[in-house]
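Presented below is the structure to which this report refers.
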Amino acid sequence: MVSQVECVVECSKADAAVEMQGLYEKFVVPSYRRTLTLTRGEGSYVWDTSGKRYLDMGGGIAVNSLGHAHPAILSTLQKQASRLIHVSNLYYNEPQALLAKKLVELTGPGKVFFCNSGAEANEALYKLARRVGHDQGRYEVITTINSFHGRTLAGIAATGQEKVKKSFEPLMPGFIHVPYNDLAAAEKAIGPKTAAILVEGVQGEGGIIPATPEYLLGLRELTRKHGILLLMDSVQCGFFRSGYFQSYERILENHPGGKDFLPDGISMAKALGGGFPIGAVWIGQPYQDVFQPGSHGTTFGGTPLACAVALEVISVIEREKLVDNIRRQGDRLIAGLKNLSGRENFVSVRGFGAIVGFQTKIDPLILTPQLAGEGLLVIPSGNNSVRFLPPYNITAQQIDEALAIVQKVI
Ligand SMILES: *Cc1c(COP(=O)(O)O)cnc(C)c1O
C-alpha cells in the first residue's frame with residue numbers, strides 16, 4: 001500500500017491535496033493559514049499536486065534567493081553532506097571560517113556568530129546589547145512600530161506589533177517602540193537604561209517601508225553620541241536583496257556620508273542559505289569579542305553543511321552578477337507596477353531590487369489567493385500591501401508574466 005504522503009508525490013492527483021490537508025488537520029499545529037499543496041520547484045516556478053504551475057515571487061518568504069532546485073546548491077549539498085554534515089562548535093570547521101571571512105569582507109571589520117534562524121540571530125543582538133550595557137545598567141532596546149523581529153519571547157517583545165504579543169503576556173521587559181523613520185522620536189526615547197536601537201533597513205512584514213537616508217545617518221550619529229549600539233535586522237531586506245549586500249548601502253548610495261555608515265551589529269538569515277536554514281550575526285569590531293566561551297552558544301549554528309551552502313549561494317551571486325540582475329528586474333517590476341497606479345484598487349509602490357511591495361485597496365488576504373489562482377505567488381504584508389520577494393535570478397520575462405497577472409486581477 002502506498003502511504004498518503006507517497007501518494008502526493010507519486011500520484012500527483014488533485015485529491016492528493018485533500019489527503020494532505022487531512023493529515024495537516026489531524027497532526028500539524030494550525031499556526032498557519034495554508035493554501036496550496038506544493039510538490040516540486042524549478043527555477044522561479046513551483047508546481048502543486050494537480051500539476052498547476054506557479055511563478056514564485058514569494059520565494060519561501062525571502063528565502064529562495066536562487067529559486068528552486070538550483071544545480072549549484074544541489075551539488076554543494078551532496079558534496080558537503082558526503083564529507084561532513086555536522087560537527088559541534090567545540091571544533092573548527094572550514095566552511096564556517098570561510099563564510100565568516102566572506103561575510104566580514106562584504107560588511108565591514110568585525111566577526112560573525114552563526115545560528116539557525118532570524119529570530120535566533122536577533123536574540124544574539126539583544127544579548128550583545130545587554131552584555132555591552134550591563135555594567136552601566138543599560139538593557140533597554142528601542143525598536144520601531146510595525147517592525148518584525150521574530151517569534152521567540154524576546155522576538156515578540158521586540159516586535160512593534162500588538163498582534164504578535166497578544167495573549168503571551170507578561171512580555172519580556174526591556175523593549176520599547178517608537179515610530180519608524182522618526183529621528184526625533186528615537187532621540188526622545190533614549191534614556192539612562194537604553195542599550196541599543198534596533199531597526200530594519202526596510203520594514204518587511206510592516207509593508208515594505210524603506211528607512212530614509214536621513215533616518216539611518218541620524219540614528220548612527222545619535223547612538224554614537226549616547227554611547228549605545230545601533231543594531232540592524234537585515235533578516236528580510238539584507239543579503240543582496242536590495243541590490244547591495246545590505247539594504248542600508250542601497251538607501252545611502254550617492255548620499256553624502258553614506259559610504260562610511262556601519263551599524264554595530266547586523267542579523268541575517270532567510271536568503272543566506274538559499275533555502276537551507278542558517279542565521280548569522282555580524283558584530284562590529286569594537287564589540288567583536290564580547291561573547292566569550294560560556295556567554296552564548298548553539299548546537300546547530302554554523303554547521304559545515306549550512307555554511308558550505310551559504311558560501312556557494314554567495315559565489316553564484318558573484319559569478320552570475322546577480323546583483324545587477326536584481327537591480328534591473330527590480331526597476332522593471334517597480335516601473336510596471338507604477339503603470340498600474342491609475343487603477344482604482346491600486347494605492348502605491350515601495351521598495352527596490354528584490355524587495356518590492358504595492359499597497360492596494362483590496363484586502364491582501366483576499367488578493368493573494370486570487371493572484372495564486374492565476375498562477376502568481378506573492379505574500380501579504382502589513383499596511384494593506386502585497387510583497388514580491390523574487391529569486392535573484394528572475395528574468396525580465398518572468399517579471400512581465402507577474403505584471404500581466406497583477407494587471408488582470410486588480
Ligand atoms: C522573518 C524575519 C525574522 C524572523 O526570522 P525567522 O527565521 O522566522 O526566525 C526576523 N526579522 C525579520 C525582519 C524578518 O523578516
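Among the residues making up the range 380-397, those that are surrounded by fewer than 22 Cβ atoms within 10 Å (Cβ to Cβ) and touching a Ser or Thr at 6+ places or on another chain (Cβ under 7 Å) are 380, 384.
In this structure, residue 25 qualifies as among the charged types (D, E, K, R) and either closer than 30 Å to residue 400 by Cα or modelled with pLDDT of 95 or more (or both). Scanning the range 252-275 for residues that are within 16 Å of the ligand (Cβ to nearest atom) and under 22 Å from residue 125 (Cα atoms) turns up 263, 265, 266, 267, 268, 269, 270, 271, 272, 273. Among the residues making up the range 304-325, those that are in a helix (DSSP H, G or I) and free of Cβ contacts under 8 Å to residues at least 24 places away in the same chain are 318, 319, 324.
Yes/no per residue for (1) open to solvent by 80 Å² or more (accessible area, probe 1.4 Å); (2) under 25 Å from residue 184 (Cα atoms); (3) of a type outside the set (Val, Ile, Thr); (4) within 16 Å of the ligand (Cβ to nearest atom):
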| position | (1), (2), (3), (4) |
| --- | --- |
| 89 | no, no, yes, no |
| 92 | yes, no, yes, no |
| 104 | no, no, no, no |
| 110 | no, no, yes, no |
| 113 | no, no, yes, yes |
| 122 | no, yes, yes, yes |
| 141 | no, yes, no, yes |
| 155 | no, yes, yes, yes |
| 166 | yes, no, yes, no |
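For (1) within 16 Å of the ligand (Cβ to nearest atom); (2) in a strand (DSSP E or B), each residue gets a yes or a no:
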| site | (1), (2) |
| --- | --- |
| 180 | yes, no |
| 198 | yes, yes |
| 225 | no, no |
| 249 | no, no |
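Note down all Cβ pairs under 6 Å where the first residue falls in the range 19-32 and is hydrophobic (A, V, I, L, M, F, W, C), the second is outside any helix (DSSP H, G or I), and they're at least six residues apart or on different chains. Every condition considered, the pairs that remain are 20/37.
Can you name the residue in the range 276-301 that is within 16 Å of the ligand (Cβ to nearest atom) and part of a loop (DSSP other than H, G, I, E, B) and, of all such residues, is surrounded by the most Cβ atoms within 10 Å (Cβ to Cβ)?
The initial filter retains those residues of the range 276-301 that are within 16 Å of the ligand (Cβ to nearest atom), namely 276-282, 298, 300-301.
Those left that are additionally part of a loop (DSSP other than H, G, I, E, B): 276-278, 298, 300-301.
Working: 276: 19, 277: 17, 278: 27, 298: 17, 300: 18, 301: 23.
Top of the filtered list is 278.
Per this entry, residue 368 is counted among residues that are open to solvent by less than 50 Å² (accessible area, probe 1.4 Å), at pLDDT 95 or above and in a helix (DSSP H, G or I). Look at the range 51-65: where a residue is within 18 Å of residue 370 (Cα to Cα) and a partner is surrounded by 24 or more Cβ atoms within 10 Å (Cβ to Cβ) and of a type in the set (Val, Ile, Thr), sitting 6+ places away or on another chain with Cβ atoms under 6 Å, you get 57/378; 58/378.
Within the option set 350, 328, being part of a strand (DSSP E or B) and basic (Lys, Arg) holds for one residue only, 350.
Listed by position, the strands (runs of 3 or more DSSP E) inside the range 45-122 whose residues that are of a type in the set (A, V, I, L, M, F, W, C) number at least 3 are 110-115. Yes or no: residue 184 assigned by TED's automatic domain parsing to the domain that holds residue 265, at pLDDT 95 or above, outside any loop (DSSP other than H, G, I, E, B) and surrounded by 21 or more Cβ atoms within 10 Å (Cβ to Cβ)? Criteria not met by residue 184.
The values are calculated or read from the model by the stated rules, or taken from the named source; none is laboratory data. Fair warning: this is a prediction, and the values are worked out from it, not measured in the lab. Cβ coordinates were reconstructed from backbone atoms using ideal geometry, including for glycine residues, and neighbour counts include every protein chain displayed. Heads up: the accessible areas ignore ligands, DNA and RNA and are worked out on the full protein's heavy atoms, side chains in. Shrake-Rupley method; radii C 1.70, N 1.55, O 1.52, S 1.80 Å.
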